[in-house]
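So the structure is just underneath, and the comments pick up after that.
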Amino acid sequence: MTDLNINWKGFYRSVFALVIPMAIQNLINVGVTAADVVMLGKVGEKVLSGASLAGQVQFIMTLIFYGITSGATVLTAQYWGKKDTRTIERVMGMGLSAGLVTACFFAVAAIGIPQVLMKIYTSDPEVIAEGVKYLRIVGLSYLFMAVTQVYLNIMRSIERVVVATVVYAVSLLVNIVINAVLIFGLCGFPVLGIRGAAIGTLCARFLETAMVLFYALFKNHVVRIRPVDLVKIDRLLLKDYITYAMPVVLNELMWGLGSSANTAVIGHLGSAAVAANSVAQVARQLATVMAFGVSNATAIYLGKTIGEQKLDHAKAYAKRFIWLSLILGSVGAVMILIAAPIANASLALTGQAKEYLYFMFFVMSYFTIAQSLNTTMVVGIFRSGGDTRFGLIMDVSTMWGFSILLGAVAAFILHLDVPVVYVLLMSDELIKVPITVKRYLSYKWLRDVTREREELAAVI
């Protein structure tokens with residue numbers, strides 16, 4: 001590695017030029033959820049729990065979007081290294097088509113059968129009633145999210161990261177203002193409670209899409225949205241997309257369903273546990289914005305490097321990314337521990353919920369370090385070289401075969417206390433660490449998966 005003469009200062013400049021905007025984007029996205037938690041937490045525990053559990057529907061859909069675009073990034077980042085922008089446009093067209101189909105399915109379910117969806121996560125009739133109010137309004141926003149998230153994630157893979165930061169920053173401000181006005185009935189508006197939060201989210205998502213379409217149509221002349229690419233699919237490219245993207249989609253879906261199953265287990269332990277967990281999850285998301293920025297930057301930077309046929313450089317860069325993930329994960333853990341008393345003092349939670357919150361924040365502190373490391377390896381390093389099946393196999397086995405299974409048994413059969421159930425449900429990331437490290441050291445992830453443009457053109 002020492003013979004590569006790598007300009008490490010240039011490396012860190014390039015990496016943090018990707019990491020910082022993406023970390024800000026992650027922070028803004030979490031800020032939308034945090035705004036709902038803080039404002040609805042002041043309204044009451046049942047309202048907060050209803051919005052939190054209703055958000056699981058969007059959470060699963062967003063993970064499918066992320067799977068669609070992360071799978072596409074396997075191809076687009078490497079094609080970006082080859083400067084083949086036309087093939088990137090074709091991949092983006094397939095991603096937008098898949099995203100819109102997914103959004104339609106979730107929107108119909110959220111608007112049409114919200115009670116059924118809420119009953120998956122809780123049996124509390126008051127919490128269900130609040131969640132139904134939220135879903136019937138926010139369901140329409142899923143269509144806007146499909147366009148925005150797929151497009152902006154593809155832009156990330158070609159190192160266009162600032163546009164997403166601007167879009168999400170404006171969206172956050174609009175969301176906070178409308179939330180405050182409608183939830184609490186400010187400026188003469190009626191007090192809408194959870195419905196106000198849903199309307200704020202819907203307006204913010206519409207604005208995001210409008211800004212994205214303006215940028216795509218009038219500002220971005222490098223990689224364009226071409227309507228023909230949404231319907232006319234290159235068969236050979238589709239085969240590559242399915243090969244590398246579908247395991248990612250399934251991986252994110254199974255991981256998301258696993259996280260949602262955790263929430264469902266906790267949801268049946270009472271509204272105090274649900275409320276405390278909703279706050280703990282927001283704290284974890286805030287603490288990992290930089291670490292997740294590193295994982296996304298890893299996929300982009302290593303994918304581009306592999307596409308340039310610099311495999312030895314990719315090995316050296318991957319090692320540095322792992323160290324970055326450990327450092328940032330540890331910083332996040334400290335932030336969570338510091339935030340616990342602040343969160344407890346700020347929210348209108350019951351005494352039981354406050355006790356749970358302190359313990360859940362402690363669990364999230366070490367969970368964050370393990371998740372930062374695993375995410376950088378699985379989402380960043382492995383996927384950059386097309387190694388997308390490994391994450392699927394690992395998540396299914398560790399979550400569904402261990403943490404969820406044991407957590408459900410502890411909750412519903414053994415009837416153990418909430419802290420014991422929570423530790424078991426949150427144990428999967430610790431189990432993954434030795435498995436991911438072993439895979440990293442095998443270097444099976446280091447592959448060029450691109451094709452020559454002439455090869456693709458031959459099958460149009």
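Roughly how much of Y215 is accessible, in Å² to the nearest 10, using a 1.4 Å probe?
40 Å²
Over the stretch 303-417, what percent of the accessible surface lies on carbon and sulfur atoms, probe 1.4 Å?
Ligands and nucleic acids excluded, carbon and sulfur reach 70 percent.
Please report, in debye to the nearest 20, how large the charge dipole of the stretch 30-131 is about its Cα centre when each Lys and Arg carries +1 at its beta carbon and each Asp and Glu carries -1 there.
500 debye
How large is ³J(HN,Hα) for each residue in the stretch 26-31, as worked out from phi by the Karplus curve 6.51 cos²θ - 1.76 cosθ + 1.60 (θ = phi - 60°), to whole Hz, x for Gly and Pro?
Whole-Hz 3J(HN,Hα) from phi for the stretch 26-31: 4, 4, 5, 4, 5, x.
Rank T85, F402, F144 by how far each Cα sits towards the positive end of the charge dipole of the chain (+1 on Lys, Arg Cβ; -1 on Asp, Glu Cβ) and give me just the farthest.
With unit charges placed on the Cβ atoms, the residue in question is T85.
Looking at this model, which pairs from K42/K432; K232/K444; K83/K438; K119/K239; K83/K239; K46/K432 are more than 28 angstrom apart at the alpha-carbon?
Cα-Cα > 28 Å for K42/K432; K232/K444; K83/K438; K119/K239; K46/K432; rest within.
What does the accessible area per residue of the stretch 25-69 come to in Å², with a 1.4 Å probe and no ligands, DNA or RNA counted?
26 Å²
From the backbone phi of the stretch 299-311, what are the Karplus-calculated ³J(HN,Hα) couplings (6.51 cos²θ - 1.76 cosθ + 1.60, θ = phi - 60°) in whole Hz, Gly and Pro given as x?
4, 5, 5, 5, x, 4, 5, 5, x, 7, 6, 9, 6
Which value in deg cm²/dmol, rounded to the nearest 500, describes the helix-derived mean residue ellipticity at 222 nm for the chain, given -39,500 (n - 2.57) per DSSP H run of n ≥ 4 and division by the residue count?
When only DSSP H runs of four or more count, the value is -27000 deg cm²/dmol.
Assuming a viscosity of 0.890 mPa s and a temperature of 25 °C, what translational diffusion coefficient in µm² per second does Stokes-Einstein assign to the stretch 104-229, Rh being the Kirkwood radius over Cα pairs?
Reported coefficient: 152 µm²/s.
Equivalent-ellipsoid semi-axes (√(5λ), Cα gyration tensor) for the stretch 197-356, whole Å, largest first?
Rounded to whole Å, the semi-axes are 37, 24, 18.
By accessible area of protein heavy atoms, probe 1.4 Å, what ranking do R235, R195 get, highest first?
R235, R195
With a 1.4 Å probe and all protein chains left in place, how much accessible area per residue does the stretch 203-245 have, in Å²?
Per-residue value: 58 Å².
Under 14 Å from the Cα of K315, which aspartates and glutamates turn up, not counting those fewer than eight places away in the same chain?
D3, D448
The values are calculated or read from the model by the stated rules, or taken from the named source; none is laboratory data. Note that the structure is a prediction, hence the values are computed from the model and not measured. Using ideal geometry, Cβ is built from the backbone for each residue, glycine included, and neighbour counts are taken over all protein chains shown. These area figures cover heavy atoms from the full protein model, side chains too; ligands, DNA and RNA do not enter into them. Shrake-Rupley method; radii C 1.70, N 1.55, O 1.52, S 1.80 Å.
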